[in-house]
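One structure is given here, and the rest of the page talks about it.
Every number in this text was worked out from the coordinates using simple rules, so none of it is lab data. For clarity, every value in this text was computed on a predicted model and none was experimentally measured. Here the Cβ positions follow ideal geometry from the backbone for every residue, glycine too, while neighbour counts run over all protein chains shown.
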Amino acid sequence: MEENPIKDSQQLLEKIRVEGMSALEEVYREYKTDFLNFAFRFGLSESDCLDAYQDVMIAFYENVMEGKLTTLTSSLKTYLFSIGKYNLLNQLKAKNRIVKTEEIFPEIEATENDYFESIELSHRQQVIETAFQQLGEQCRELLTLFYYHRYPIKNIQVAMNYSNENTVKATKSRCMKSLKSILEKTEIY
Amino acid sequence: MPLKDIDHQLIDKFLRGQLDAQEQELFDKKQSDVDFKEELTWRNNSLAVIKKNGRQDLKKKLQLLDKKIEEEKSASQPTPTKVLNINRGRWLTIAATLLILAGMFWWWNLQAPDSEDLFAQYFEPYPNVIAPIVKSDAPELTEVEKAFQTYEKGFYSQAIPLLKKLNTPEAKFYLGVAQLTQGENKDAINHLKFIATQSDNRFQHASQWYLAMAYFKNDQPDEANEMLKLIRQNPEHIFYKQAGELVE
C-alpha cells in the first residue's frame with residue numbers, strides 16, 4: 001500500500017491531542033536528524049540548532065493542544081521546517097547577521113508562530129509567579145497539566161494517579177485557592 | 001454578586017479555548033459583572049505564569065529526552081565484549097609496546113604541527129547554502145543552480161569554471177573554497193581575501209576562516225595566525241571556536 005504521509009500526520013496530531021506529551025516523544029525522535037541537517041545550513045552552532053529544534057517542538061505541541069492546528073495542508077516535516085525557518089532566521093537577525101532569506105531553502109516558507117514571541121510577565125504576574133513557586137509540587141503539576149497542556153480531567157486523573165475525576169476537580173480548585181492565599185500573604189508583608 | 005461554580009467553569013472553558021457559541025454569548029454578557037471581571041483578570045494573570053512555567057518544564061523534559069536519545073545511540077554502538085585470555089608474559093609484551101607507543105606519541109606531540117597538517121585537519125568545504133539540490137520538475141537548471149549543485153556534489157574542478165562565470169560575491173567565496181580543494185592556493189587566497197574585507201557580505205566570516213586555511217595550505221603560517229587572531233577578536237564570529245583551537 002502506498003504511504004500517505006499527510007494521512008499519517010493527521011493520525012499523529014490526533015494521538016498527541018489524546019496522549020499529550022508522551023506522543024510528542026515519537027515526533028521528536030522522528031524528525032531530529034532531518035531538522036538538524038536543515039538547521040545547520042543557516043550557519044548557526046550545533047547547540048543553537050538543537051535549541052531551535054526543541055523550541056519548534058514546543059510551538060508545534062502548543063498549537064496542537066490549543067486546537068490551533070487540527071489539519072495539516074502539507075507533510076508534518078514541511079510544517080516543522082517552516083516554523084523552524086522562522087525561528088532560525090530570527091536567531092540570525094538577533095546576532096546581527098544579514099541573511100538573504102530567499103536563498104536558504106527557498107521552497108520552504110518561514111511561518112510565524114506565537115511561541116517565538118517571548119512571554120514578558122507584568123509586575124503583577126511576576127508577583128504571582130513568586131507565589132506559584134511556593135505552591136506544592138503536586139499543585140504546580142496539576143495546574144500546569146490543566147491550563148498549559150490542556151489535558152482533559154480524565155487524563156490528569158490517570159497521569160497523576162487520582163482516584164476519580166471529581167478529586168481532580170476539587171484539588172484543582174483547592175490549588176487555585178492556595179495560590180491566592182499565598183499571594184495575599186505576600187502582599188500583606 | 002459572589003461567583004457560582006458555573007462562573008468558574010465558564011472562565012476555565014474560556015482559558016482553555018473551549019467555549020461553544022452559547023457559552024461565548026453568556027461569557028460576553030458576564031463582562032459587565034464586576035466580580036466576574038475581577039476573577040477573570042486574576043485567572044488570566046495566573047494563566048500567563050502557568051504557561052511560562054509549563055514551557056520551561058517542557059523544554060527541560062525535551063532536553064532530558066535528547067540526552068536519553070544520545071545515550072541510546074552511544075549504547076547501541078558495538079562494544080568489545082570478548083574477554084581476552086592472556087598470560088603474564090604476553091601482558092609484559094603488551095605493556096612494553098604500549099610504553100613505546102606512548103613515548104612515540106609524546107615525541108610526536110613535541111613537534112610543532114606543520115601548516116599542511118593543520119589544513120588537512122581543519123579544512124572542510126563550506127556547505128552549499130545558495131542553491132541546494134532539491135527534487136524539482138523543472139527540466140533546466142539555471143546557471144546558478146548548475147554551478148552550486150556541481151559544487152555540492154563535490155565536483156570542485158568542474159564547479160570552478162561555472163562559478164567563475166557567475167561573477168557574484170557569493171560565487172567568488174565558493175570559488176575560493178573550490179580552488180582550495182584543488183590546490184590552486186594563490187587564486188583561492190585572492191578571491192577569499194576580497195570577500196574577507198567586505199563587512200556587508202554574509203560570507204565575510206566564513207571567508208576569513210577559509211583564508212586562514214588557504215594560508216596554511218600555502219605554507220604561510222604567520223599570515224594564517226594573523227587571520228585567526230582577527231577571528232578571535234569577535235566572540236560572535238561563526239568560526240570563533242574553531243579559530244580558538246588553532247590559534248596557538
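Taking 8 Å as the Cα distance limit and 6 or more residues as the minimum spacing, I'd like the relative contact order of region A:123-188 as a percentage. Please report the intermediate quantities before stating the final value.
On the way: 37 pairs, mean separation 25.1, N = 66.
Value for region A:123-188: 38 percent.
Using just the helices of chain B, give the 222 nm mean residue ellipticity in deg cm²/dmol: DSSP H runs with n ≥ 4 each add -39,500 (n - 2.57), and the total is spread over all residues, rounded to 500. Could the numbers behind the result be given before it?
Values: 12 runs with 173 residues, N = 248.
Helix contribution divided over all residues of chain B: -22500 deg cm²/dmol.
With 10 angstrom as the radius, rank A:Glu107, B:Glu184 by how many other C-beta atoms surround their C-beta, starting from the fewest. Kindly include the intermediate steps, with their values, before the conclusion.
Numbers: A:Glu107 10, B:Glu184 20.
By the 10 Å Cβ count, ascending: A:Glu107, B:Glu184.
With θ set to phi - 60°, apply the Karplus curve 6.51 cos²θ - 1.76 cosθ + 1.60 along region A:106-111 and write out the HN-Hα couplings as whole Hz, x wherever there is a Gly or Pro.
Couplings: x, 6, 10, 8, 6, 10 Hz.
Count charges around B:Lys164 for me, please; just the other residues with Cβ under 12 Å from its Cβ, Lys/Arg as +1, Asp/Glu as -1. Don't skip to the end; give the middle numbers.
Values: positive: B:Lys165, B:Lys172; negative: B:Glu143, B:Glu184, B:Asp187.
Result for the local shell: -1.
Report Rg(Cα)/(2.2 N^0.38 Å) for region A:5-116, keeping two decimals. Intermediate values should be presented prior to the final figure.
Details: Rg = 13.8 Å, N = 112, 2.2 N^0.38 = 13.2 Å.
Relative to the rule-of-thumb radius for its length, region A:5-116 sits at 1.04.
Determine, for A:Asp55, B:Asp5, B:Asp57, the number of other Cβ atoms within 10 Å of each Cβ, and report the residues in order from fewest to most.
Numbers: A:Asp55 21, B:Asp5 9, B:Asp57 16.
Lowest count first: B:Asp5, B:Asp57, A:Asp55.
Let me check against my output: what whole-number percent is the relative contact order of chain A, with C-alpha pairs under 8 Å and at least 6 apart?
Computed over chain A, the figure is 19 percent.
Along the Cα→Cβ direction, 7 angstrom out, place labels at B:Gln63 and A:Val127. What is the inter-label distance in nm?
That separation, rounded to one decimal, is 3.1 nm.
Neighbouring Cβ atoms within 10 Å as the yardstick, rank B:His191, A:His149, B:His8 fewest first.
Lowest to highest Cβ neighbour count: B:His8, A:His149, B:His191.
With a sphere of radius 12 Å drawn around the Cβ of A:Glu187, what net charge do the other residues whose Cβ falls strictly inside it have (Lys, Arg +1; Asp, Glu -1)? Numbers along the way, then the final one.
On the way: positive: A:Arg124, A:Lys180, A:Lys185; negative: A:Glu184.
Net of charged neighbours comes to +2.
Determine the relative contact order of chain B: mean sequence separation of Cα pairs under 8 Å and six or more apart, normalised by residue count, in whole percent.
Once normalised by length, the contact order is 10 percent.
Run the lone-cysteine check on the protein assembly as shown: no other Cys C-beta under 4.7 Å from the residue's C-beta.
Those would be A:Cys49, since no other cysteine Cβ in the protein assembly as shown comes under 4.7 Å of theirs.
Per residue of B:56-66, what is the mean number of Cβ atoms on other protein chains within 10 angstrom of that residue's Cβ? If you can, show how the numbers build up before the last one.
On the way: counts 2, 6, 10, 5, 1, 6, 12, 3, 0, 8, 6.
Counting other chains' Cβ atoms within 10 Å and averaging over B:56-66 gives 5.
If the viscosity is 1.002 mPa s and the temperature 20 °C, what translational diffusion coefficient in µm²/s does Stokes-Einstein give for region B:5-72 when Rh comes from Kirkwood over Cα pairs? Don't jump to the answer; show the numbers that get you there.
Values: Rh = 14.2 Å.
My calculation gives 151 µm²/s for D.
Along region A:36-53, what does the Karplus equation 6.51 cos²θ - 1.76 cosθ + 1.60 (θ = phi - 60°) give for ³J(HN,Hα), rounded to whole Hz, x for Gly and Pro?
Couplings: 5, 4, 5, 5, 4, 4, 8, x, 8, 6, 4, 6, 4, 5, 5, 4, 4, 4 Hz.
Where in chain B are the DSSP H helices whose C-alpha atoms run 30 Å or more along the long axis and whose mean Kyte hydropathy is at least 0.5?
B:88-110
What's the average, rounded to a whole number, of partner chain beta-carbon atoms within 10 Å of each residue's beta-carbon in A:123-130? Show your work: numbers first, answer last.
On the way: counts 0, 5, 7, 2, 2, 7, 7, 1.
That average works out to 4.
Over the protein assembly as shown, with a single point scatterer placed on each C-alpha, what log10 of the ratio I(q)/I(0) does the Debye formula yield at q = 0.09, 0.12, 0.13, 0.14 1/Å?
Taking Cα atoms of the protein assembly as shown as identical point scatterers yields -0.82, -1.09, -1.17, -1.27.
Show me, for region A:134-145, the HN-Hα J-couplings you get by feeding each phi into the Karplus relation (A = 6.51, B = -1.76, C = 1.60, θ = phi - 60°), rounded to Hz, glycine and proline as x.
8, 5, x, 4, 4, 5, 4, 5, 4, 5, 5, 5
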